[in-house]
Amino acid sequence: MYFELSLIPFFMIVLLFLIFWIVQEGSRWQKHPQLGVFARFIQASAGRAFFSFFILTILLIPATLLLLIGVWWDLLAIGEAIANTVPVVNTLLLMFLILAGMIPVTLSSFRTWRHAVRAAAEVKVRTTLG
């Protein structure tokens, strides 16, 4: 029961990340009936896109560990002892697998944000000097 309850935040984080990743680029998504809200939010600025991806990436770690705690609570609730490390290994492998996909997306949105900030600073310098 606890494992199933701990799946909810895990899947919500992964689903939000996937939705934001899909609608990150392309103005056609802004008019989509269901995904338009997500597209307008993530496409508002490069900083908002980076911080959204960054927060979801960071939140995946405690959500994955919550899965492990849910497995342990279920074992303790039925009266069994925690005898092996299979749930720990499976949980860590799942976390590393998903993070391997999330970290490149987060880093690319960081680069986009950094270039946008640099370009805005150059424009500001050019307008004040010229």
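The values are calculated or read from the model by the stated rules, or taken from the named source; none is laboratory data. Predicted, not measured: the structure shown is a model, and the values here were computed from it. No Cβ is skipped: glycine too gets one built from the backbone with ideal geometry, and neighbour counts run over all protein chains shown. The area values use the complete protein model at the heavy-atom level, side chains included, leaving out ligands, DNA and RNA. Shrake-Rupley method; radii C 1.70, N 1.55, O 1.52, S 1.80 Å.
Within the option set LEU93, LEU66, LEU76, being free of Cβ contacts under 8 Å to residues at least 60 places away in the same chain, surrounded by 12 or more Cβ atoms within 10 Å (Cβ to Cβ) and among the hydrophobic types (A, V, I, L, M, F, W, C) holds for one residue only, LEU76. Consider the stretch 17-40 and keep the residues that are open to solvent by 80 Å² or more (accessible area, probe 1.4 Å) and in a loop (DSSP other than H, G, I, E, B). The one that is nearest to GLY101 (Cα to Cα) is GLU25. The residues of the stretch 4-33 that are aromatic (Phe, Trp, Tyr) and at pLDDT below 90 amount to a single one, TRP29. The requirement of being assigned to a helix (DSSP H, G or I), under 21 Å from PHE17 (Cβ atoms) and open to solvent by 80 Å² or more (accessible area, probe 1.4 Å) is satisfied by PHE54.
Across the stretch 80-124, the qualifying residues are those that are in a helix (DSSP H, G or I) and of a type in the set (D, E, K, R), and the one among them that is modelled with the lowest pLDDT is LYS124. Among residues of the stretch 96-110 being free of Cβ contacts under 8 Å to residues at least 40 places away in the same chain and of a type outside the set (A, V, I, L, M), the one that is most open to solvent (accessible area, probe 1.4 Å) is PHE96.
Here is the figure for the stretch 57-79: residues that are more than 18 Å from PHE10 (Cβ to Cβ) and in a helix (DSSP H, G or I) total 3.
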